[in-house]
Amino acid sequence: MIKTIIRENAYYDSVTLMLISREMKKLEGVEEVLAGMGTDLNLDLVKMLDMFLPELEKVTPNDLFIAAKFDESKVSMDDLLASFEAQLNSKKEAHAGQYQPPTLRSALKLMPDARLAQISIPGQYAADEAENALRKGLHVMLFSDNVALEDELRLKKLAVEKGLLMMGPDCGTAIINGVPLCFANAVRRGRIGLVGASGTGTQEITVRIHQLGEGLSQVIGTGGRDLKEEIGGLMMIQGIQALLADPETEVIVLVSKPPAPSVEKKIYGLLAGAEKPVVIDFIGGQAESVKKAGAIPCLSLEDAARKAVAVLREEEPVDFDGFDLPPEEIDRLVREALARLKPDQKYLRAFYTGGTLADEAIKYLGAEHLIYSNIPLTPDRAWDKLEGRAGHICLDLGEDQFTRGRPHPMIDPMTRTEFFDAWLDQSTALVLVDVVLGYGSHEDPASAVAESIEKARRKLQASGRDLAVVASITGTDQDPQDLEKSKKVLEEAGVLVMPSNAQAVRLADRIMKAAGI
Amino acid sequence: MSVNDLFKQELKVINLGLESFYDDLTRQGVPAIQVQWKPAAGGDQKMASLLGRLKSSK
């Protein structure tokens, strides 16, 4: 049976609704259910799931709907509604007694000394609210994506004119005055400042700096498009200027995909007179030009962290492309991995939740292996060109194509769990994953990975097979998730946990070469 | 207020959108307010954009 309930003028955020939908789906007899606002995207999803009923024609993005397909002998629409209400009420109870004003203006009346607006509303409304915030003198952290490039330019020009930060759109990570915003890890405060156009890239560097015993003064996010020609690096430049002038910052780190040439030139121009050392990871490119500009180029995100810490301690920043463990220990890990495999187990299955971490993996492994991906090095390596699954894959599961109508895999492991279930089979040799902790992330991503690996192992046992699994954890001992427990859970599931994404990727490369795959 | 002034002051945040981000802030003791945001004009984008223009011309 297919049924729909509509509630006019009831607004809930998308993550809340997606998580509630997932819980409702667990009820016995429910085949499919979607609770969502009546946006075109959600209605398309309902159509795709074959649950579209005529009454949905009239819903607006301000109306809530629940569409469900279920076995009426086992469950009813009332049961689904009761489950929906119960989950919503438990959320409401958590916020009991807190007044939530309806607009930014009324919020500012309650908190006139607010400094920053953190915005994660649907993209089509986000630019207006961000402009509103900037005009009221607030710095902005704009997490929302699907904001037009021309809106981004307009907002950033306005921010520069007013001396404000306009972090984003699509900015996942920042740490201002020690406060992690959106997806950021809990790191100690210190003397290294960072401006990042790459969310999980920024997370990885800040985590490694923390683990090396140093800390961060400020971490400014720019959003992924800032260094494109059209935006001209407006926020990267604003961020660098602020860190250069900040007495708490002694070393500056920049992280981004390679910038447009004109933007790169502007950045180098700004650094020419800089009195502070600058470490740059333009992932996968431009080492020579970075050097020429008087800055320090890097081999990986981890290398950026190590070099920043070295120059802060007035040590020589040396390239790090090895392992923390001694060579004989790495050899042992490779042998241990090989011992698990049969000769016809041939393929790498790398499933990433962090985009920059996936990018780093593909750039490194892709240099010597043929890796298919949804963010391929070359168009002929697009993962839909892989025939019969006969090849290595490395996927960024946070990309739009995998997150339609569901939360990002860092928030909810479901997407990756489904990939594990579907792809780990008798031909799989090696699994490579990231586990990203910190604010914004799922409460226990390590257990989700461990459960999937154990499930795959049980499935393969029948044919006397096993898997090699390599992971890294982007997390600190101060994150809300338990770092030590996360590591233990993975190790107990037979996962080789490496100290950084770069080292995990290198170990994967060593295993692949030793296995001749 | 310039970016460097922001660095010197206590961070107080107004959150519009995902409540989990607001929860993360309050959990850390960061002063924050959650806006009960809804799309303007009942999600009618043409009307919302018209309203937006009226507001910004004020």
> Over what distance in Å are the Cα centres of region A:246-316 and region A:422-499 separated?
Replying inline: 33 Å
> So in chain A, what percent of DSSP beta bridges are antiparallel if you round to the nearest 5?
Replying inline: 30 percent
> How would you classify region A:73-115 from its alpha-carbon gyration tensor, with a ≥ b ≥ c the square roots of the eigenvalues: rounded for a/c under 1.5, else prolate if a/b is greater than b/c, otherwise oblate?
Replying inline: prolate
> Let a ≥ b ≥ c be the square roots of the eigenvalues of the Cα gyration tensor of the protein assembly as shown; is it rounded (a/c under 1.5), or, if not, prolate (a/b larger than b/c) or oblate?
Replying inline: oblate
> Between chains A and B, what is the buried accessible area summed over both chains (1.4 Å probe, protein heavy atoms, nearest 100 Å²)?
Replying inline: 4400 Å²
>> For region A:364-471, which trypsin sites (Lys or Arg not before Pro) pass both filters: DSSP loop (anything but H, G, I, E, B) and at most 15 other C-beta atoms within 10 Å?
In response: A:Arg389, A:Arg404
>> Give me the residues in region A:106-124 whose solvent-accessible area, probe 1.4 Å, is reduced by at least 50 Å² once all protein chains are included instead of the chain isolated.
In response: A:Met111, A:Arg115, A:Leu116, A:Gln118, A:Ser120, A:Ile121
>> How big is the dipole moment of chain A about its Cα centre under a simple scheme where the beta carbon of each Lys and Arg is +1, that of each Asp and Glu is -1, and everything else is neutral? Debye, nearest 20, please.
In response: 420 debye
> Given only helices, namely DSSP H runs of n ≥ 4 each adding -39500 (n - 2.57), what is the per-residue ellipticity at 222 nm of chain A, to the nearest 500 deg cm²/dmol?
Replying inline: -12500 deg cm²/dmol
> Taking K and R as +1 and D and E as -1, what net charge do the other residues with C-beta under 12 Å from the C-beta of B:Asp24 add up to?
Replying inline: -3
> With respect to the cross-link table entries A:Lys291/A:Lys485; A:Lys58/A:Lys136; A:Lys69/A:Lys487; A:Lys291/A:Lys346; A:Lys25/A:Lys342; A:Lys346/A:Lys487, which display a Cα-Cα separation exceeding 30 Å?
Replying inline: A:Lys291/A:Lys485; A:Lys58/A:Lys136; A:Lys69/A:Lys487; A:Lys291/A:Lys346; A:Lys25/A:Lys342
>> I'd like the FRET efficiency for A:Asp477 and A:Leu53, computed as 1/(1 + (r/R0)^6) with the beta carbon distance as r and R0 of 45 Å, rounded to 0.05.
In response: 0.35
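In the protein assembly as shown, what percent of the accessible surface is made up of carbon and sulfur (1.4 Å probe, ligands and nucleic acids excluded)?
50 percent
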> Which residues, if any, in region B:16-34 have at least 30 Å² less accessible area in the whole protein complex than in the isolated chain, probe 1.4 Å?
Replying inline: B:Leu16, B:Leu18, B:Glu19, B:Phe21, B:Tyr22, B:Asp24, B:Leu25, B:Arg27, B:Gln28, B:Ile33, B:Gln34
> So if R0 is 41 Å, what FRET efficiency would A:Glu316 and A:Glu443 give, r being the distance between their Cβ atoms, rounded to the nearest 0.05?
Replying inline: 0.50
>> 7 Å from Cα along Cα→Cβ at both A:Asn146 and A:Arg332: what's the point-to-point distance in nm?
In response: 5.2 nm
> In nanometres, what is the gap between the two model label sites at A:Arg22 and A:Thr103, each 7 Å from Cα along Cα-to-Cβ?
Replying inline: 3.5 nm
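I'd like the GluC sites (Glu not before Pro) in region A:47-118 restricted to DSSP loop residues with at most 14 other Cβ atoms within 10 Å, sorted by number.
Counting only loop positions with at most 14 other Cβ atoms within 10 Å, the GluC sites (Glu not before Pro) in region A:47-118 are A:Glu72.
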> In square angstrom, what is the accessible area per residue of chain A with a 1.4 angstrom probe?
Replying inline: 40 Å²
> At what distance in nm do the modelled label points of A:Asp380 and B:Lys8 sit from each other, each positioned 7 Å from its Cα along Cα→Cβ?
Replying inline: 5.9 nm
> If you find the alpha carbon centre of region A:358-415 and of region A:166-240, how far apart are they in angstrom?
Replying inline: 24 Å
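Which order do A:Asp44, A:Asp434 take when ranked by solvent-accessible area (1.4 Å probe, heavy atoms of all protein chains), largest first?
If we order A:Asp44, A:Asp434 from most to least accessible, we get A:Asp44, A:Asp434.
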> Per-residue HN-Hα couplings for region A:368-378, Karplus 6.51 cos²θ - 1.76 cosθ + 1.60 at θ = phi - 60°, whole Hz, x for Gly and Pro?
Replying inline: 10, 10, 8, 10, 8, 7, 7, 10, x, 5, 9
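The values are calculated or read from the model by the stated rules, or taken from the named source; none is laboratory data. Just so it is clear, the structure is predicted and the values come from calculations on it, not from any experiment. Cβ atoms come from the backbone with ideal geometry, glycine included; neighbour counts cover every protein chain shown. These area figures cover heavy atoms from the full protein model, side chains too; ligands, DNA and RNA do not enter into them. Shrake-Rupley method; radii C 1.70, N 1.55, O 1.52, S 1.80 Å.
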